[in-house]
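Following: one structure in structure tokens, then a few remarks.
What follows draws every value from the coordinates through simple rules; no lab data is involved. The shown structure was predicted, so the numbers you read here are calculated from the model rather than taken from an experiment. Neighbour counts are summed over all protein chains in view; Cβ atoms, including those assigned to glycine, are modelled from backbone coordinates with ideal geometry.
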């Protein structure tokens, strides 16, 4: 899916939206000629590369799609609306389920405390688990700093704490890869607290960025008032801070050289505080004195101070922001 084709509805729809379509296209859950199986032991739903994408509770119903040559079966799992692979020796045949049977499985999970439906990022690292509890056998995988996730629900954990049910996302396409639970302490979500002090909002563009400088700093893209994408971002230092307030993208440069010799007052590139950086991609300036959103390849301290006032983000993130926005897109910066 191209960035320009990604709609708000497609991104913030229910868990595993991109994979639901694949399952629905290949599986009629009420068809009379379908073959169904269930796992008689705890199992993992696997991706094509063998990595785990979800934990399967006992007796999860699955519709078989095809047998594979390596001892695996491709299945559609209505409990999660995901298509994946399971070991053939971990499942056995079951009767074709009714719609009531499938609906019952959807309700069989941890207590949902709240619906979230927002894009977030992992801070530090985050263990994705098959169930909201911190035990070794529940671990699916560990996501690194700034890994993209979409938080579906807040749920009650076994430790009485709050956990998030999340899709973890492909870092380039932002399509869902898998489903699991992470503790809420390792996810940064948009705060949704910025309000313009302007009465006449009739000229507002439907899309806008909000940059929240509270650490770890986060920039979020909004469509129709809803957050559709976010990423941790570098921000300015105490002496060269990112300017707060309401701005708009003024001009854009796809590939440029940034040098301190062009700022005011100019600083020689080899002097203290000087710089000369080639190949800076997808720069979107939102102030006349050079504050911008751009690809930052020389630092990956995402979420914290380290720029001369710009919002520096990763390669995939900068490409998304460039393709999604344009000249005139509002940029709200707050702390």
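The calculated FRET efficiency for the pair residue 289 and residue 114, based on their C-beta separation and a Förster distance of 41 Å, comes to about 0.50.
The stretch between residue 239 and residue 192, if pulled fully straight at 0.36 nm per residue, gains 14.2 nm over its current Cα-Cα span.
Each 10 Å bin from 0 upward holds the following percent of the Cα-Cα pairs of region 207-334: 14, 49, 32, 5, 0.
When each of the peptides 252-263, 233-244 is scored by the mean number of other C-beta atoms lying within 10 Å of its residues, the order from highest to lowest reads 233-244, 252-263.
Give the residues of region 277-306 whose amide nitrogen is closer than 13 Å to a point set 7 Å from the Cα of residue 261 in the direction of its Cβ. Correct set: 277-278.
In the distance distribution for the chain, Cα-Cα pairs more than 27 Å apart total 51 percent. Computing FRET efficiency as 1/(1 + (r/R0)^6) for residue 298 and residue 87, where r is the C-beta to C-beta distance and R0 is 41 Å, gives about 0.35.
Here the Debye sum runs over all C-alpha atoms of region 112-188 as equal scatterers in vacuum, and log10 of I(q)/I(0) at q = 0.11, 0.16 Å⁻¹ comes out as -0.22, -0.48.
Once Rg and the Kirkwood radius are both taken over the C-alpha atoms of region 72-134, their ratio Rg/Rh works out to 1.03.
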